[in-house]
Structures are given as structure tokens and as C-alpha cells.
Amino acid sequence: MLDLSGVNAFYGKAQVLNDLSFSVAAGQVTALLGRNGAGKTTTMKSIMQLVVAAQGQVQFAGQNLVGKPPHRVAKLGLGYVPEERRIFTDLTVLENLEVGRQPPRDGAVTWTQDMLFELFPNLAERRSNRGREMSGGEQQMLTIARTLMGNPRFLLLDEPSEGIAPVIVEQMVRVIKQLKTEGLTVLLSEQNLHFAQAVADTVVIIEGGTEKYAGTLTDLAQHPEIRDAYLAV
Ligand SMILES: Nc1ncnc2c1ncn2[C@@H]1O[C@H](COP(=O)(O)OP(=O)(O)OP(=O)(O)O)[C@@H](O)[C@H]1O
Ligand SMILES: [Mg+2]
């Protein structure tokens, strides 16, 4: 569904993605793994065209995304939840969700607030609370829920488990599995294997902006040396 091929990306003169190629299969949960500074966020931004690749292609559902403005990329059905959760702190949960609303999209679930409250029960309880009254984990859930209001076919989650309480991480696992059941394709980034092991079908490991390993979690279990070389413990 998504294919990166020979992607190079720079911040000024610093090259951060280096001939990066990998694929994400439709309907799967793929974990993009790599240590601090490996290039995970830059990869996600390069897919969304928030960082423009100097070379290479990003093919999504038969179109090359490179050079398209980010809002056009989003309109094709890619939803992006950045590392830093940006909710509107002065707006209520309901109002935050409304901000994300987009028209229905072919081949994607059309989310309603009620469906999202079923998926995120703790948001339901707090629907009239303002963003600033929510915990970090709840804000992360709200950011995902707001992105789902755009009815994406493909969801990018940058380090969804980072800095949130274990009980919320468990809910996040349940949510991602449910999204897969609903037919969404998910690419999420993580620094370590723990969260990926609970949700992912496939892993892509990067280091220095280059793909070092791609395969199933089961295959990776046969290669502890790869895990030790490229992942945080
Ligand atoms: N805006 C920027 N300007 C210059 N260099 C940057 C910028 N953003 C990231 N970098 C550098 O690019 C490299 C890759 O960063 P990136 O944020 O993509 O890594 P990451 O895998 O997401 O790391 P983390 O796990 O810490 O989130 C790092 O060396 C980082 O210092
Ligand atoms: Mg990052």
C-alpha cells in the first residue's frame, strides 16, 4: 500500500535519510523501529511531505506523494499523529474531535463521535473536559481520535507509547488491534520491541536513515544480534 524507494532527506546539509526503502502492506500493522535519532520521525514526515525528500519516491495507492503539499497527502487518506501530541488545550474533548472532521472517504471507516467514544471509553467520560485537564495519555488518545475523525485509510503513529502510563499503553494496544480489525493500515514508530511485539505484524528497523532489517516479528526472534545492534533495550 505504501512503498518508499531510495528516499534521501536532509536538514540543511545534514543527510538524515539515506537511500531509504521499505514497504507497508495493506491491512497490516508495521512497526518502524530504531534508536534515538535513527530517523523514524523524519521518515514519517517524509511520507507526509512535511520534509521533502531530495530524491526517491513515496508511492501510496499508486501515486507518488513526493512534491505534493501535505494537505493533499492527508486528503488521499493518510492520517498522521506526531510525536508531540498537539491538542487544543482550551477546547473540550468534543470540540477537539470536531476540528478533525473530514468528509467520508471511499474504502475507509466513517468515524462518528459515538464510535470513537466506544473505542476510547475514557474520552467518553471526559467529553466535556478541556484538553488541558487531560493526562498525557488521554491527550495522546484524543490526538489519535481526532485524526480518526478525518477517516484515514492509513494511520501513522509516531511513538504512541512514549511517556504514557502502563495502563494507558494497554489501552493503546487494544485500540491499534481494533483499528486493524476495522481495515486500517498502520505504521507506528518505537525505539524498542516491547510495544511492537504486542501489536505489529511486521517490523522495519532503521539506523542512520537506512533500512537494516525488514521482516515478521517471528523472523526477528531468530536474530537477536539484529535486535541488539539496532534497538534500545
Ligand atoms: N529539524 C531538524 N534540524 C536538524 N536536524 C534534525 C532535525 N530534526 C531531526 N534532526 C536530526 O536528524 C536525525 C534523525 O532525527 P529523527 O527525529 O528523525 O529521529 P528519530 O528516530 O525520530 O529519533 P527519536 O527516537 O529521538 O524520536 C537526528 O540526528 C536528529 O538530530
Ligand atoms: Mg522521533
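Below is a table of values for the structure above.
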read-out	value
For region 193-205, Karplus couplings with θ = phi - 60° (6.51, -1.76, 1.60), whole Hz, Gly/Pro x	7, 3, 5, 4, 4, 7, 10, 8, 8, 10, 10, 10, 9
Rg to Rh quotient for the chain, alpha carbon positions, Kirkwood Rh	0.96
Net charge, Gln140 excluded, C-beta distance under 15 Å - Lys, Arg +1, Asp, Glu -1	-3
Stokes-Einstein D (µm²/s) once Rh is taken as the Kirkwood radius of region 117-233 over alpha-carbon pairs, at 37 °C in 0.692 mPa s	211
³J(HN,Hα) computed for each position of region 146-156 - Karplus, 6.51 cos²θ - 1.76 cosθ + 1.60, integer Hz, glycine/proline x	5, 5, 5, 4, x, 6, x, 9, 9, 10, 9
Total formal charge among the other residues, if their Cβ is under 15 angstrom from that of Ser21, Lys/Arg +1 and Asp/Glu -1	-3
Amide H contacts under 5 Å for Val16, placed H, 5+ residues apart	Ala9, Phe10, Tyr11
Theoretical ellipticity at 222 nm over the chain - DSSP helices of four or more residues, -39500 (n - 2.57) apiece, nearest 500	-9500 deg cm²/dmol
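Laboratory data are not the source of any read-out in this text; all were calculated from the coordinates shown. Please read all numbers here as calculations on a predicted model, not as lab measurements. Positions of Cβ are generated from backbone atoms using ideal geometry, with glycine treated the same way; all protein chains shown enter the neighbour counts.
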